[in-house]
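Below you'll find the structure, written out as structure tokens, and then a few comments.
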Amino acid sequence: MIAGIDEAGKGPVLGPMCIAGLLVDEEKLDALGMLVVRDSKKLTAKKRESIAELIKESTEKYYILEVRAAEIDELRKVMTMNEIMVECYVEVLEKLKPSRAFVDAADVNPVRFGDNLKKKYSGSIEITSEHRADEKYPVVAAASILAKVRRDELVKELGKKAGVSIGSGYPSDPKTIRFLEEWVAEHGKLPDFARSSWETSKRILGKSGKGQRKL
């Protein structure tokens, strides 16, 4: 059986990170390829959602690991982000138990990332680890869609709880930065779904006088 794994939300300052994996029979890879666009970021949100449902129906098994902002902050106290990504991908692999996996490398060195996955994984496995794997392999493109759709759902839920638009959660999003600045100004602290270990969070706290700013 073949697995594809990709993440959504590694870089945002707000919200969780989602790592999605799916398991398919090798004979069904072509059919899966007909469903997916190999760069899911170019799809509209509604299109991604409808494709995600079709993907779930066409796979043997899928698993989406959700890692909350607070969990990421705690892990970063004892691990690098690269080490965290390896642990997360391995957890997905352990749930799926494929004989071969295609993964979108979450490390600047894709070969090292693949080697680290092999070392941590409990079984024997063949791994293809590449950057932009979602543009090359349909099984990774499908995983990318599942991860992005689930993270988008969770970010929407966070916005509803906050009672205001929080944007995409990425530091490059003006809506996200405005939300954080206004939240800190009003509450004197970050929201519980912000990643406090991110430089963006530290900078906004520093500007408000509520935290130490790194020099």
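The values are calculated or read from the model by the stated rules, or taken from the named source; none is laboratory data. Remember, predicted model here, so these are calculated numbers, not experimental data. Cβ: placed from backbone, ideal geometry, glycine included. Neighbour counts: every protein chain shown.
Only a single item in (1) under 30 Å from Met1 (Cβ atoms); (2) not in a loop (DSSP other than H, G, I, E, B) is not met by Ala185, and it is number (1). Of all the listed residues (Arg178, Arg195), the sole one being over 21 Å from the mean Cα position of the chain (by Cα) and either acidic (Asp, Glu) or not assigned by TED's automatic domain parsing to the domain that holds Arg68 (or both) is Arg178.
Of all the criteria given as (1) in contact (Cβ under 8 Å) with a residue 24 or more places away in the chain; (2) acidic (Asp, Glu); (3) assigned to a helix (DSSP H, G or I), the one not satisfied by Asp107 is (3).
Selection of the stretch 1-15 for residues being over 25 Å from Ser124 (Cα atoms) and surrounded by fewer than 24 Cβ atoms within 10 Å (Cβ to Cβ) yields Lys10, Gly11. Being surrounded by fewer than 18 Cβ atoms within 10 Å (Cβ to Cβ) and in contact with a Phe, Trp or Tyr (Cβ under 8 Å, 6 or more places away or on another chain) holds for only one residue in Glu135, Glu94, Glu126, and it is Glu94. Scanning the stretch 11-26 for residues that are out of contact with any Ser or Thr (no Cβ under 8 Å at 6 or more places or on another chain) and either within 20 Å of Val139 (Cα to Cα) or not assigned by TED's automatic domain parsing to the domain that holds Ile64 (or both) yields Met17, Cys18, Ile19, Gly21, Asp25, Glu26. When the residues of the stretch 174-215 are filtered to those that are hydroxyl-bearing (Ser, Thr, Tyr) and modelled with pLDDT of 95 or more, the one that is surrounded by the fewest Cβ atoms within 10 Å (Cβ to Cβ) is Ser197. Output the number of the condition that Tyr89 fails; it satisfies all remaining conditions of (1) surrounded by 18 or more Cβ atoms within 10 Å (Cβ to Cβ); (2) in contact with a Ser or Thr (Cβ under 8 Å, 6 or more places away or on another chain); (3) modelled with pLDDT of 95 or more. So the condition that Tyr89 fails would be (2).
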